[in-house]
1. Quick check: net charge around residue 79, other residues with Cβ under 14 Å of its Cβ, Lys/Arg +1 and Asp/Glu -1?
2. Ignoring ligands, DNA and RNA, what percent of the accessible area of the chain is carbon or sulfur (1.4 Å)?
3. Order of 3-14, 49-60 by packing, highest average Cβ count within 10 Å first?
4. Among residues other than residue 161 whose Cβ falls under 12 Å from its Cβ, what is the net charge (Lys/Arg +1, Asp/Glu -1)?
5. How big is the dipole moment of the stretch 1-72 about its Cα centre under a simple scheme where the beta carbon of each Lys and Arg is +1, that of each Asp and Glu is -1, and everything else is neutral? Debye, nearest 20, please.
6. Hey, what D do you get for the stretch 53-138 in µm²/s if you plug the Kirkwood alpha-carbon radius into Stokes-Einstein at 37 °C and 0.692 mPa s?
7. Under a 1.4 Å probe, what is the accessible area of the chain per residue, stated in Å²?
8. Check the straight Cα-Cα distances from residue 43 and name the lysines below 20 Å, setting aside those fewer than 8 residues away within the same chain.
Amino acid sequence: QDSILKRDGAPCLYAYHQEFNGTGGRMSRDGFIALIRLEEREKGVIIPHEKTLDQPKADRLKLMQACSANFSPIFALYSDPSDDINRLLQESVGAVVPLEATDHENTFHQLRRVSDPAVIREVSRRLSGQALFIADGHHRYETALEYANEMQEQGLPDYDYVLTTLVNLFDEGLLVL
C-alpha cells in the first residue's frame, strides 16, 4: 500500500550482476531473475540436493500466507556452456539504467530490466526442457509449492511460479559453499 513493491506492467526478466567476497577475494557473477514454474520433485525438472525441515517451512509458509508474496528468490543453476543466455540479456539491456545497491555484507547487486518479448521468449526457449538445480532455497521452494497447492484448492490457480535467481553452471563467478 506504500508502493514499496510494485508489479511491473509487462512481463520481464531482470539481468543480475553481483560482486561479492569469495574464498579467494572479490568475485563476480552474472545471471537473471525470473519466475519459474513450480514442479513436484518426482518430475525431475527441479533438482534438489538437500533434505528439508518442517519448522523452517512452516515459518516461511506463515509469511507467504500473511503477505501473499515471495520475498527471497530461489538460487538455481542451469547449463549454458557457451553463455548465450547471459550474452543475449546483456545485449538487450543496452542503455537501461541499472538499479544498484550494496548490502550489509559488502555484496554489490545490479539489476537491469529486460522487457523485450522476443528476448524473454528466447531465454524461455533455451531453458525449456532443461533441469534446474537448486543451489540454495530448498525450504523456500517447497514452501512455495505448498502455498501454490493451497491457492489451487481455493480456486486460485495462478500461484504456480516462484521467484528465482538463475546462474549458469559455467559462470566463472559461481561459488557454491
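1. -3
2. 51
3. Descending packing order for the listed peptides: 49-60, 3-14.
4. -2
5. Value, rounded to 20: 20 debye.
6. For these conditions, the coefficient is 206 µm²/s.
7. 62
8. Candidates past the 8-residue exclusion: 51.
The values are calculated or read from the model by the stated rules, or taken from the named source; none is laboratory data. Note that this is a predicted model, so its numbers are computed, not measured. Heads up, the Cβs are rebuilt from the backbone with ideal geometry, glycines too, and the neighbour counts pull from every protein chain shown. Note: accessible area is taken over every heavy atom of the protein model, side chains too, but ligands, DNA and RNA are not part of it. Shrake-Rupley method; radii C 1.70, N 1.55, O 1.52, S 1.80 Å.
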